[in-house]
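Beneath this line is the structure, given in structure tokens, with notes to follow.
We did not get these values from a lab; they are worked out from the coordinates using the rules stated. Given the structure is predicted, the values throughout are model-derived calculations rather than measurements.
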Amino acid sequence: MEEIVKSQTHQMTTMIMIKELDISKIDSIMKIWLEANITTHGFISKDYWKSNYDFVKKILPESTVYVYEEDDETKETEYSMVWEQ
């Protein structure tokens, strides 16, 4: 599944895509995963998320993950993951 949306603002074209995770970008996705979980789940110790980092990084490629990208860059502010196993 790949969705492409083009938007023009001030004569600049932005390519927006929702697509399956490109495994070569896993480090970027994991950075977002860690920061988002620490920020969103303040009631859970940061150490919990950090201790699960390697496990999640290992199983993520086995799941179906969709990411939002603008101009081939994964956006941290507009990030969501859908896991299907």
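A compact table of results
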quantity: Amide H partners (placed H, <5 Å) of V65, local residues excluded; calculated: L21
quantity: Rounded to whole Hz, the Karplus (6.51, -1.76, 1.60) HN-Hα couplings of region 51-62, x for glycine and proline; calculated: 6, 9, 3, 4, 4, 5, 4, 6, 8, 4, x, 7
